[in-house]
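All remarks here apply to the structure that follows.
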Amino acid sequence: PLKSDRELVLEAVRHCGQALRHAAAPLKADRELVLEAARQYARALEFAAEPLKSDRELVLEAVRHCGQALRHAAAPLKADRELVLEAARQYARALEFAAEPLKSDR
């Protein structure tokens with residue numbers, strides 16, 4: 001099926017990151033594909049395989065493009081000060097998604 005065709009899905013997410021929503025499960029675990037989607041669409045991490053939501057490097061790159069991506073990061077990354085600050089630089093309201101201790105950190 002088309003949802004399993006990596007090259008087709010990669011091209012689709014380059015144009016519209018939301019296309020990741022319709023990809024086959026193995027492609028939602030494809031780091032390169034998820035990163036491309038996240039560059040286009042803040043909520044792309046929502047559709048990524050769980051292990052990728054814990055990939056600090058991938059999530060950092062995603063929040064550099066759109067701070068709202070922090071919403072879909074794994075809980076430990078929401079407590080990562082550098083990552084949260086980077087998200088907030090892109091989207092001031094990203095602090096809403098930070099771990100509680102960071103919300104009160106001045």
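The values are calculated or read from the model by the stated rules, or taken from the named source; none is laboratory data. On a predicted model such as this, the values are computed, not experimentally measured, just so you know. Side chains included, ligands, DNA and RNA excluded: accessible areas come from the protein's heavy atoms. Shrake-Rupley method; radii C 1.70, N 1.55, O 1.52, S 1.80 Å.
Relative to its Kirkwood radius, the Cα radius of gyration of the chain gives an Rg/Rh of 1.01. Centroid-to-centroid, using Cα positions, segment 1-78 and segment 80-102 are 19 Å apart.
For the chain, with all protein chains in place and a probe radius of 1.4 Å, 52% of the accessible heavy-atom surface sits on carbon or sulfur. Compared with the dominant Cα axis of the chain, that is its longest principal axis, helix 81-90 is turned about 70°. Relative to the longest principal axis of the Cα atoms of the chain, the long axis of helix 31-40 lies at roughly 70 degrees.
Helix 56-65 and the longest principal axis of the C-alpha atoms of the chain enclose an angle of approximately 90°.
Before I look further, what does the chain give for accessible area per residue, probe 1.4 Å, in whole square angstrom? Per-residue accessible area for the chain comes out at 56 Å².
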